[in-house]
Structure formats: C-alpha cells, structure tokens
Amino acid sequence: MTQTQSIDFSKGTTAPGTRVSSQPRIISGLTELFRDPEYFRLIRQEIISYLETFSHPKVWHVGCSTGEEVFSMAILLQEAALFNKTDILATDTYQHRLIQAKNGRLSTRMLEQYQDNFKESGVKGKFEDYFNTSAGYLELKASLLQRLNFFRHDILQGASPNTFSCIFCRNVLFYYPPEKQVQILEKLLDSLSPMGFLVLGRVEDLRFSPLKKHLKILRKGYSIYQKTSF
Amino acid sequence: MEREQFTLSAEQRKALFNSTNERSDNILQKFLLGSFVLGIIMAFVYDTWLVAIAVGGMSLIAYFGTKKLLPESNLYQYVGSAVLAIFMAQYIYQLHGLFEMHFFAFVACTLMITYSNWRLQLPLFVIIVVHHATFAYMQFVGVEGIYFTQLPYMDLTTFLIHAGLAGLIISICGLWGYFSEQKIINDGIRALKAEFVLAENLKIAKTIKEGDFDSELATNSQDPLSEALSEMRQFLKENVEREAAEKYSSQGVAQVSRLLADINTLGKEIGWEKYIDKILNLLSTHLNARQGTFFMLNEKEEEPMLQLLAGYAYEKRKFIKNKIPFGEGLIGQVALEKKYIIVKDLPEEYFLISSSLGSAHPKEVLAWPLIADQKLVGVVEFASFNSFEEKHFNFLEEASFRIASTLANAQAQERTRRLLEESVALKVSLEENNQKLEAQADQLKESEQALRQQQESLLDANTELEAQKQELETQKKALIEQNEEIESAKAELIQKAEELEASNTYKSEFLANMSHELRTPLNSILILANILADNKGERLSDKDVEHAKVIHKAGSDLLTLINDILDLSKIEAGKLDLLMEAVGFDEVAKDMEMMFEHVAEKKGINFEIEVDEKLPNYFESDRVRLEQIIKNLLSNACKFTNKEGTVKLGIQLADSSANFKNENLQDTDRIVSFAVSDTGIGIPKEKQAKIFEAFSQADGSTSRKYGGTGLGLSICVQLSHLLGGEVQLESEENSGSTFSLYLPLHAVSADHTPNDDQSLFKPSIPQLKNTDRSNSTILIVEDQELQNKALGQLLNRHNFHYSQTFNGQDTLTLLAEERKVDCVILDYNLPDMTGLDVLKEIRQIEGFHQIPVIIHTAEDLSLDIQQEINQYTRTIISKATQSSRRLIDEINLQLGYEDEEEEIVVKKKPKAKKATKTTKPKISKAKKTGSASTDSTFLKDKHVFLVDDDMRNIFAISAIMESNSIAVETALNGKEALEKLEEGLEPDIILMDIMMPEMDGFEAIQRIRKMEKYQSTPIIAITAKAMAEDRQNCLDAGADEYLSKPLDTELLLKRMEELLKNS
C-alpha cells in the first residue's frame, strides 16, 4: 500500500488535544464467502497446490472478522485434501466477531451470491458439500468448523503467534496510518516462512514498500506475494 | 438504695429509743420506789428493818446515782435490772424464803421487756442464777438458817429446774425485748429513708425549677414519683434543646443573611475575596469550627474546577491544592455528589484523605456543597475538634442555600455588569476613534491642498519628461525588434532540440529494430546449426558436424557483439540508469572468484584476489555495472594470459595524488582502485591509447587469435565514466599489463545502508544475486532412478549443474571427497538409511556444516520427525504437483539467485476444455545442454500454429517442432493468422511473433482472444524487441507467455508443455 493511498489519520477527523488511540476507529467487518472470486481462483490454482509441498502447512487469517474468508479457505484446503494436515489460525481484534465466527453460521440472505462466488472460484463439488442449509441459516460442516481456531489478537500490539506458510491480511492495513502499516507488515513478514504467501487486499500494493525486496509478487493487481527471503 | 447508707449512728439509735426509755424509766423508777416501800412494809411484818433499809436504800442509791452520774449511758438501766434481782433476793430474805416471791422475778423480767433491749435481762438472770446457786451450794455444804427458813433443802434437780425455767422465762422476755428493739430500729430506719427520698425529690424539683437539665441526679427507680420527675425533666430538656438549636440556626442564618444583604455594598467596599472571607469567618465561628475553606466553582477552565477563595484560621499557602477537579478528594467528591460528606474518626495521617485542610488532626471534617437552583456554586469545608451535630447541619442547610443563591445571583449580575462595562468601553473607544478620524480628515484636507500645489509643479516637469519619453520609445522599438530576432532564433533552437530528441528516439528505435533484424536471422542460424550439430539423422560426417559447431560458435560470437553494441549505444544515448546501492568489497571479490576460478583452472593460470584491509566494508556504487567492468577486465586478462601465467585482482585504497583526468577523482581524496593485472602479452606503448576505442585491439590480428569483439574496453571506459571514475592502463610489451579502475570511495548514504543488523530478514548467506546458475552444483540424492533423472532435467532447465547419487552411503562418500556441492536435495526414504541419518552425517563432514539441504519426501512426516529434521535444516518439501517449482524457489533462495520468472501467469477465464489426463512424462536419457528436443512425449502429435513473417524463422522453428513430432501450421502475419483461425483451424497452441507487417502480434492476439473459440488457447508471444515494456504489453494483449529471440529451444518446448498441461 502506498503512502498516497493511505488514509491520513492525523488530519481533520479529530479535534486537537483529544487522545488518538492507536486503534483504528472503525474497522469494517464487511465480508462474504469467496469475496472477490477471482482472488480465490488464483489462490486455488497457485497457493493451494504450492502449500501441498509443505509437510505441515499453517495458515493465519489476520482480521478474520466473522469468518467468511476462513471458511472459504478451509473449503479450498478440504477440496485439495489438505485440510486435515493444515493448522488454521484466525484472529481479530473484536471479540464479538470471533464469537460469531466460531458459530460457523451465516445468514441465508446472501445465499445466491455465495453460491455464485463459490462457482466462480472454481471449487469442484457442490455448495451443500460444505454447508448445511436446512435450519434457516448456513452452517459450516462440523468436520471443518472444529479444526478452525479463532482467537482474539491485536495485530499491532500482539506478538507473532507462529511461523506460517500462508497469511491472509486482506483489507486490514489501510485502516492504519502508514507507519503502523509498516510495523504490521514487518510483523507479518516475520511470521512467514520462506516461500510462504502473503495475501493482501487488492488495493494494498507493496510496490513502493521498503519490504518489497523480501517478496515477489505472484500476480500483479492481486497483491498476493511470496516471501523470497529467510 | 443500699442498706449501708441507712445504718444508724449511735446517737440516732439512742434518739430512737428515747421515748421508750423515758416511758420505761418512769415505770421502773416508780416500781423501784414501790419495791423500797414494800420492803419497809415487809419489815413491819418480819422485823427486817436493817435489811429493808440498807439493801433497799443501797439499791435505790445505786440506780439513781448511776442515772444521775452517767445520764448519757444506758448503764443505769442495767443497774436497774440488777437492782430488781436484788430486790427479789431481799424480799425472799425478808419473807424467809417465801416461795411465792419468785413471781417477783417474772415481774422484773416483764418490766425489762419494755426497754426493748434484750441485754437488760442479763444482769437480772445472772444475779438470780448466782443468788440461787450460792444459796443452794451453801445449803449443800451444810450452812443452815440462811434465810431463817423453813424451806426444804434444794437438791440439784430442783436447782436445775429453777435455773432452766428462769432461763426460759428470761430468754422469752429477752426475745420479746429483741423483737421490740428491732421494730423500733426498723421503724426508725424507714422513717429516715422516707425523709431522705423526700429530700431528694425536693432537690430534683428544685433543679427543674432552676432550669438545670444536665446535672447527675440520684433517682430512686423504686420511687414512682422520682421516675416521673426524671421523665418530666428529660422532656423539658429536649424541648429546651430544640428551642436552642432553632435559635442557633435562626440566629446564624440571620447573621449570614445580614452579611449577604450587604453583598453589593460591602462586597464592593472590601473586595470579593475579603467578602467571601467574611462569610467563611461567620460560618466557621458559628459552627465553632477550627478551620474552614471556601471553594467556588470555576467554569472558565476547560474542565470545571473548584477554586479556593477563602480560608479560615489557615494560611492560604498552606493549602494543599488551590484548584480541585470534580471527584478529587473530599471537596471534589462533594461537588460531584452535591451532598455533604462528614468524616469522623480521622486517622492520624489525615493527609491521606486529600482534604484541603492539610496536616491538622481535627476530630471531624465536614464538606458542604453550596447549591442554588440545583446547580453547584461552591463547596465549603470545616474541620472541628468537636463533633458536628444536627443543629449545625440545620444551620448549614439554610445558610448554604442562601449563600449559594446570593453568590449565584451576584455572579450573574457580575457577568451582566461586565458585559455592560465592555459595551460602554467599546462605545467610548468608538467615540474616541471617531474623533481621531475627524482629526485625520482635517489633516487630509490640508495635505490635499499641498498635493494640489505639488501637482501643479509636477505638471511642468511632466511636459519635460514627455519629451524624454518619446526619445525612449524610439529606443524601445529598436529593442523589441532585436528581441524578436532573438525569439525566432530561440524557437529555431527549440525546434532543433526537438529534432535532436526525435532523432535520438529514432536512433534507439533503429537500434531496437536493427537488433531485431540482426537477431532474427541469427536465431535461425544458431538453431539450425545446433540441429545440424546434433546430427539426429546420423547423415552428416564428423567434419560436417564440426562445421556446424563452428557456425554455431560464430553465431554466438556475433550475438555477443550485437549485445555489446546495444550496451554501448545505450550508454552513449544516456539510457543506462544506475542503481546506486551499498556494495561490499568482499562480495565483489567473492563474485569474481566464483566466476573466474573455473576459467583460470581450465586455462591453467593462477588467479589471485587481494582486498585491502584498510577499506571500509561497503561503498556506494552500482554493483551490476561495477562487476561488469571488472568482469570484462578479468576476462580480457585471462584471455591474453598464457598457461602458467598469473591474473590478479587487487582492490585497494588508491593514491589520491595520482594523475586523474576525471574531475570527480580530482576532487576527492578517497579513491578505491580495482587493479586487474596479468602476465600476458602486454600492450605496446604506442597502442595503449588506441585500445580503448571501439572495435580496437592492440593488433588487428589478435582478434583472430584471442577472439572478442573489441568493444569490451570501450564499454568499460564508458561505464567507469558513468560511475564517476576512470580506467587507466599500465603495460609493458611481453611482460603483462595492469588495468586499474579508479572510483571515488563514496561512503554509503543512509538510503543504501545495508541492513546487516536487521534481525528481521538477516540472510544466512550473502545475497549474491547472481544470475549465472551454472556456477552452482546441486547434489540430487534420490533412489528412484526416474525421479532422480527428472530432478536432474529440472535443474538443467534452470541452468544448474548437478550431480546424482542413489543412496545415503554414496552421498556421504561423494561429499567426503570434497566434491564441490552447493546444495543437496535429499530424498527422505533411501534404501540404506533414512534422510534424517544422512542429514546428520552430512553435518559432520568438514565444509558441509552449513550447506543448504532440502529434504524431499513423498510421505507425510510426523511432527516429531519434522522437529528433529528442523534441527539440521529448515526446508522440507513434500512431493506434490508444485514441488518442482518450490524446489527451484528454495534453491534460488538458499544460493541467492534472483527469481527467473517475475510472476505467474494465470488465465483469467475458466478453461472450457477438460484438463487432459497426463501420463507421467517418460524420461529418456538426459541430454547435454543445448539439445533441441524435449524429453517428454507429451507434445507429440500436438498442433502448433506458428505466426511469423520471417520465413527463416518459420523454417527454424518448424524444424524443431518436426523433430519432436509436433504438427506445425503457419501464417505470415496477423491477418492471415486470423483468417486461418476463422476457417476453422484448431491449434493446441499458438506461437505469435510480435513485429509483423499488415497486422502486428499485439493486435492479432487481442483479436484472437475476442473469438470465443480461442479464448483459452495458449498463446506464446515471441519477439526480438529487447525492450522492457514488451513483456507486459504481450501479457496485456492476452498472451499467456512471452519469450524473446534468439529462442532457447528447450525453454520454448518446456513452456509449451507447461501451458498445454495447464489448459
């Protein structure tokens, strides 16, 4: 993410003298299953098959919100028969979102959208293979849900929880001021094993970042990076 | 009431018995006198005068004498008692023992009862007993005629009966006497008691009358009257206290009100603070408080604060705080709650409660809010050595309300007044300003007058100036004309500059085009020569093959030449951008060593590198260009040095006083030199200057012997200028030459500081960023022969050298022989030992403690084994579809190579075609490099559509395809290609040249992508245009891959295979 694209938190929004917390004021919880299906198509084609070469892949979703992205990734891993040997950690700053995520339930309001996304992402099989839809809401199958770990974690304050083969941090960075973004990215990079993947939001471009040299881009316009340093 | 308090004193007791005594005395006296008289009368009968008069008289004398002499004593009563017994004895004697005279004793007893004193019986009894006993004894011993009597002898029994009965009578009488005595005493006590209670009650009544309700009074709880009195007193007391409290409150409030009524007069007179002080004084005094403080609410501050305004019996500087925010301490809490707080039993360290009243130790502290209209005005606090009581609270309740209301009013008034004053002041200043303005207007009028006069005189001067102006005008016209001339000259110049710019662009366009034109035929030559040299059909003689090889070699040289020309022209056109960074001298040395070690070894010459220790670790430069220069110089040196000779690279601090042509070097005194010296043929003096010119070698004939384009040194010189330095030559014919590159030793600027100490991404080995992978040897340890070969081919495709072993033991033997190995790919399941054991052993071998080892495994390793492996190496790759990609990634990372591919190409649209099930590629015998065939049969019978305008190219590529059994269809330009596709051609893959007449490759690709049928057909763009943006343009147009000419046939086949497998 470049400096110019970032939101300047130091100007205008707060009166002088008031305390500005390091927490971003609003972090959007907007999310859906297979949001941006092209992204997941790319992940499915490139990342999942690469993760197969890791003997014990670990995936970390930073800012997992209510879990839709985690569920989507779990489905891709399951499809590749990789799910049961992968450790999945999902964290967010907000406890209430985690509680919702742990439920594994989604409203049926967006069902059609979800099914379209599901198809466009290129996942084989049926949507019903992964979700129960009977009870008026979608419910992730228990076999998937029980292997997902949701924890409260502040990406800015908290320590790196492990070394991961793949880290999702989509549309989280741009809620932070530039210097915090660098801090967070350094932490993410530090938590990434060599040849591990860093999946950022589309607009979160590292082209001009000082950390660029430790990464190579998988595909322009997608902000999916692979760590090429130790 | 206790009994003891009512023991009677002897006198009281005596007094009680006075009347009894008097009455009895009276009787006794008369009885005794009567007894005397009776004795006399008896004397008449029995002639006992002497006895009657003597004993009777003596008795009377004894009684009355005692009574007279000791009137205060009871003794006479005892004497009386004794005398009665004596009278009885006298009568018995006088009447000669008349038995009946014993009744006298009974009379005497009875008489003594009246005294109500049982002790009085004793003398009577004693004398009777003694008298009878004596006479009985006398009779017993034989004395006769004692009483002149006829009384029979009294035996013991008679005596005892007498004595017993007498004792009984006397005892009864004594008992009665005792009861009587007790009754008198009890009566006396009761009377005394009654008297006392009465006296007490009287006293209570009296105190009540006097209005004293507090003195301790002994009240008799048994006495109802007393109790009633005490209740009455309590009631009266409470009433009076209530009245006093009300009076206290009303008086205080009245005082406060009086003071408050004066707020406008007194307040102004003595000042606000003193006025508040007065109020506080009044409150404190009235509350009998020892200390007091007065806080007003100050809302002017950002946060409402309580400001200390006055203190009672306390110096202000001693106050702990002058301003207290809400909620802080006692004051703040009261302000917050708007309710009073009282603190009792203050601890010794009263400071702990942050009250405003410092270090004193009062008994109680009371903080009271001042509230008007439910709004806080201030807080008062008092400390007292006494307890605060109801009346104080009542008083404060009333007084605080009044104070608060008054102060609130006053504040409101003050605000109004201030506003008024301000407006008045404004008005006054306005008026003043008005006056000033008027005065100024007057002044202006005056100066206007003066100006008018000046103007007139100026008019005169003006006419004079007018004349001068006309003169100037003519001069100006001349100038403008000149200006126009200059202007047109300038425009001409700009146009020229633009033309130049354009010609420059043309030049670079031309260069690009020329390189295309040159490379395309060259491409064909190289490919065909290669095919010929391969001699697949076994039709050529050895000599023919040799010729083909010569053709290939010459073509390669020509290609190098073209690249050099392109480089040189880029530098001359200023199109070469430098990338300044921190360059480590050691790294440069290491790179050079790696590159030239083999060359030198092969040629049998010594190669030495020396780095001056005085140099810093880093300096700022463009590493790629720097190494290009040194490489060039070193390869020249090697080229011109014969066997047994020596080539040496010395990096050291240079003598800054040396003679430099470059200004950069003249200006600085820190210069580094990279000196490449050889023991070769040397260069004659007269030719030394010439060799730096393009296309020049010392001897025109040398090129034939030593090869090379003669452009290298020119490029070196140009590059050294770009880097701010120069190249110098020292040489003697036949003894060798030294080329020295001098560069300014720029310290590393902050931007380029190498981040060595950044723990975050500390590389474990130096990032060589080498591109020549053939410098690295990878050892493949894999027991399955097919897999081992496949890995070898993978490494070969990426230009790595590789060696192979098939079990653990051979591996260890090979490594122990100190074979040069840079990285090991280690299969986990080996026939003789596990990968982990091999790994442990490798780490034991000298020189291989740190060598990168990649564990390659087909099975899922348990976490335990993983952790154990991780102690020796970080990298574990599970065999999967992408494992070859990951292998290359990891090797590149471990050995510090740049990635070959910038990014992965992903097809944007889903493939309509079903992925063809691929059989495992059949692996034929590994070929040496440069083989124009694929090892896979996958491509066999595929259809390739080749679009190229150059027939030679079509021929060359077709030849490759045919030798791999791939069907080829061709088109000469984009237009023709589209037509063929529209006609229904269904190729598996399209190879598209970019630079074509009629319709170029970009457009053709875009159009093909628009045709529904070919949306997903793989397209590889091929171009000779070595310009950076081409690649992106091709991908943007819709191509899946991009390859540049001259074509690496193996790479082409590999890409084709990959794309077809993916689709």
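The values are calculated or read from the model by the stated rules, or taken from the named source; none is laboratory data. Here the structure is a predicted model, which means the values were calculated and not measured. We place every Cβ from the backbone using ideal geometry, glycine too, and count neighbours over all the protein chains shown.
Below, the figures for the structure above:
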| read-out | value |
| --- | --- |
| Matching residues in the stretch B:642-665 - criterion: being touching a residue at least 40 places away in the same chain (Cβ under 8 Å), on the phi < 0 side of the Ramachandran plot and touching a Gly at 6+ places or on another chain (Cβ under 9 Å) | B:Lys643, B:Gly645, B:Thr646, B:Val647, B:Phe660, B:Asn662, B:Asn664, B:Leu665 |
| Evaluation of B:Phe739 against (1) modelled with pLDDT under 85; (2) away from every other protein chain (no Cβ under 14 Å) (one fails), failing number | (1) |
| Residue count, the stretch A:203-214 (criterion: surrounded by fewer than 21 Cβ atoms within 10 Å (Cβ to Cβ) and within 11 Å of chain B (Cβ to nearest Cβ)) | 3 |
| Helices (runs of 4 or more DSSP H) contained in the stretch B:18-117 and holding at least 3 residues of a type in the set (Gly, Ala, Ser) and either within 30 Å of B:Gly188 (Cα to Cα) or over 60 Å from the mean Cα position of the chain (by Cα) (or both) | B:49-69, B:75-94 |
| Complete set of residues in the stretch B:605-659 that are in a helix (DSSP H, G or I) and in contact with a strand residue (DSSP E or B) (Cβ under 8 Å, 6 or more places away or on another chain) | B:Arg623, B:Leu626, B:Ile629, B:Ile630, B:Leu633, B:Leu634, B:Asn636, B:Ala637, B:Cys638 |
| Among (1) within 12 Å of another protein chain (Cβ to nearest Cβ); (2) touching a helix residue (DSSP H, G or I) at 6+ places or on another chain (Cβ under 8 Å), the one test that A:Tyr39 misses | (2) |
| Residue that is surrounded by the fewest Cβ atoms within 10 Å (Cβ to Cβ), among those in the stretch B:222-243 that are among the hydrophobic types (A, V, I, L, M, F, W, C) and farther than 17 Å from B:Glu210 by Cβ | B:Ala228 |
| Residues of the stretch B:366-401 satisfying the condition of being under 16 Å from B:Gln255 (Cα atoms), touching a Leu at 6+ places or on another chain (Cβ under 6 Å) and not polar (S, T, N, Q) | B:His392 |
| Meets criteria (touching a helix residue (DSSP H, G or I) at 6+ places or on another chain (Cβ under 7 Å), in a strand (DSSP E or B) and not aliphatic (A, V, I, L, M)) for A:His61 | yes |
| The stretch B:601-619 residues that are within 18 Å of B:Ile630 (Cα to Cα) and without any contact (Cβ under 8 Å) to a residue 24 or more places away in the chain, paired with ones that are in a strand (DSSP E or B) and among the β-branched types (Val, Ile, Thr) (beta carbon under 8 Å, 6 or more apart) | none |
| Criterion violated by A:Lys227 - all others in (1) out of contact with any Ser or Thr (no Cβ under 6 Å at 6 or more places or on another chain); (2) of a type in the set (D, E, K, R); (3) surrounded by fewer than 18 Cβ atoms within 10 Å (Cβ to Cβ); (4) within 14 Å of chain B (Cβ to nearest Cβ) satisfied | (3) |
| Check on A:Glu139, within 14 Å of another protein chain (Cβ to nearest Cβ) and more than 18 Å from A:Arg41 (Cβ to Cβ) | no |
| Verdict on A:Tyr176 being over 29 Å from A:Glu112 (Cβ atoms) and away from chain B (no Cβ under 14 Å) | yes |
| Sole exception among (1) modelled with pLDDT of 90 or more; (2) crowded, with 16+ Cβ neighbours inside 10 Å for A:Asn149, by number | (2) |
| Selected residue (only one of A:Gly67, A:Gly104, A:Gly63 is in contact with a Leu (Cβ under 6 Å, 6 or more places away or on another chain) and closer than 20 Å to A:Leu140 by Cβ) | A:Gly104 |
| Looking only at the stretch A:179-202, and only at residues there that are more than 14 Å from chain B (Cβ to nearest Cβ) and more than 14 Å from the chain's Cα centre (by Cα), the one that is surrounded by the fewest Cβ atoms within 10 Å (Cβ to Cβ) | A:Glu179 |
| Where a residue in the stretch A:73-98 is crowded, with 21+ Cβ neighbours inside 10 Å and its partner, wherever it lies, is aromatic (Phe, Trp, Tyr) and part of a loop (DSSP other than H, G, I, E, B), with Cβ under 6 Å and at least six apart | A:Ile75/A:Tyr130 |
| Close pairs (7 angstrom Cβ cut-off, 6 or more residues apart or separate chains): touching a residue at least 24 places away in the same chain (Cβ under 8 Å) and of a type outside the set (D, E, K, R) in the stretch B:165-188, surrounded by fewer than 13 Cβ atoms within 10 Å (Cβ to Cβ) and assigned to a helix (DSSP H, G or I) anywhere | B:Cys173/B:Thr110 |
| Strands (runs of 3 or more DSSP E) (entirely within the stretch B:798-880) containing at least 2 residues that are within 13 Å of another protein chain (Cβ to nearest Cβ) and of a type outside the set (A, V, I, L, M, F, W, C) | B:853-857 |
| Breaking point among (1) exposed (fewer than 14 other Cβ atoms within 10 Å of the Cβ); (2) closer than 23 Å to B:Asp822 by Cβ, for B:Asp542 | (2) |
| Criterion (under 15 Å from A:Tyr225 (Cα atoms) and within 14 Å of chain B (Cβ to nearest Cβ)) met by exactly one of A:Glu52, A:Glu46 | A:Glu46 |
| Residue count, the stretch B:768-793 (criterion: in contact (Cβ under 8 Å) with a residue 60 or more places away in the chain and either closer than 23 Å to B:Leu839 by Cα or over 55 Å from the mean Cα position of the chain (by Cα) (or both)) | 9 |
| A:Thr86 being within 11 Å of A:Cys166 (Cβ to Cβ), within 14 Å of another protein chain (Cβ to nearest Cβ) and among the β-branched types (Val, Ile, Thr) | yes |
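Yes/no per residue for (1) in contact with a His (Cβ under 9 Å, 6 or more places away or on another chain); (2) within 18 Å of B:Gln804 (Cβ to Cβ):
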| residue | (1), (2) |
| --- | --- |
| B:Asp827 | yes, yes |
| B:Val838 | no, yes |
| B:Gln844 | no, no |
| B:Ile854 | no, yes |
| B:Ile865 | no, no |
| B:Glu868 | no, no |
